[in-house]
Structures are given as structure tokens and as C-alpha cells.
1. Residue by residue through segment 33-57, note down the ones that are without any contact (Cβ under 8 Å) to a residue 24 or more places away in the chain and either surrounded by 14 or more Cβ atoms within 10 Å (Cβ to Cβ) or part of a helix (DSSP H, G or I) (or both).
2. Would you point out the residue of segment 88-103, among those that are out of contact with any strand residue (DSSP E or B) (no Cβ under 8 Å at 6 or more places or on another chain) and touching a residue at least 60 places away in the same chain (Cβ under 8 Å), that is nearest to residue 72 (Cα to Cα)?
3. Go over the candidates 19, 5, 23 one by one and state the one that is touching a strand residue (DSSP E or B) at 6+ places or on another chain (Cβ under 6 Å), more than 21 Å from residue 98 (Cβ to Cβ) and outside any loop (DSSP other than H, G, I, E, B).
4. Given (1) under 18 Å from residue 113 (Cα atoms); (2) under 14 Å from the mean Cα position of the chain (by Cα); (3) in a loop (DSSP other than H, G, I, E, B), identify the lone condition not met by residue 81.
């Protein structure tokens with residue numbers, strides 16, 4: 001599980017990220033991201049509605065997403081708030097396809113950071 005400093009915990013932070021953030025669509029998950037200062041740590045949040053499945057299915061999906069995020073944190077992602085909104089298709093997805101899609105979305109988010117870092 002990501003450390004508390006790497007989690008979006010406040011409702012206002014979720015709302016701001018989803019409303020004002022840039023969006024990456026996918027078949028399993030919609031990713032919303034807001035760039036923060038380069039020195040700050042990355043923070044992640046998860047929105048998994050009842051449309052995805054029962055509590056067991058939602059918690060399994062959340063644990064899988066947290067594992068993928070932990071791996072990405074170890075690789076050095078920083079300076080961004082990211083909220084993942086799981087789609088119902090993610091309930092049947094295996095870990096490998098979920099990992100592929102989340103990492104593709106995070107790669108795009110990291111590409112957004114590069115021009116901002118060069119300008120400052």
C-alpha cells in the first residue's frame with residue numbers, strides 16, 4: 001500500500017483532480033492527472049464504484065491498482081496528483097492487462113511533465 005504521503009485523501013483533492021485535471025482514457029480505467037510542483041511527491045487516488053462489482057471485486061481491483069502504483073513510485077514518478085476511475089470492464093481484466101493500461105496512462109502523464117520542467 002502506498003504511504004499516506006502518496007495518497008489523495010481529501011474529497012476536495014479528488015474533485016479538483018477530476019474536474020481540472022487532464023484525462024487519459026482507456027478500456028479499463030479513466031486516469032485524471034493534475035501536475036504539481038516538481039519537488040513534491042506523487043499522490044494517487046482510486047474511484048471504484050459499485051458498477052464495477054461487489055465489495056470483494058472492488059477491493060481486489062483496488063489492491064491490484066495499489067500494487068501497480070507502488071511499483072511506479074519506486075521507479076521515481078513525482079510532482080503529480082493522479083486519480084484512477086475504474087470502469088466496469090476492469091473487474092474481468094487480468095493483472096497483466098491492468099498493469100499495461102495503467103503504465104501506459106502514467107507514461108502519458110509523465111510526458112506532460114517534461115515541457116513544464118524545461119520551462120521553469
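None of the figures in this text is laboratory data; all of them are computed from the coordinates on show. As the structure is a prediction and not an experimental result, all values here were calculated from the model. No Cβ is skipped: glycine too gets one built from the backbone with ideal geometry, and neighbour counts run over all protein chains shown.
1. Restricting attention to segment 33-57, the residues satisfying the condition of being without any contact (Cβ under 8 Å) to a residue 24 or more places away in the chain are 50, 54-56.
Across segment 33-57, the qualifying residues are 55, 56.
2. Applying the first criterion (out of contact with any strand residue (DSSP E or B) (no Cβ under 8 Å at 6 or more places or on another chain)) to segment 88-103 yields 88-89, 91-97, 99-100, 103.
Within this subset, residues satisfying the condition of being touching a residue at least 60 places away in the same chain (Cβ under 8 Å) are 89, 93, 97.
Details: 89: 23, 93: 20, 97: 16 Å.
So the residue we want is 97.
3. Details: 19 fails: touching a strand residue (DSSP E or B) at 6+ places or on another chain (Cβ under 6 Å); 23 fails: more than 21 Å from residue 98 (Cβ to Cβ).
Residue meeting the stated conditions: 5.
4. If we test residue 81 against (1) under 18 Å from residue 113 (Cα atoms); (2) under 14 Å from the mean Cα position of the chain (by Cα); (3) in a loop (DSSP other than H, G, I, E, B), just (3) comes out false.
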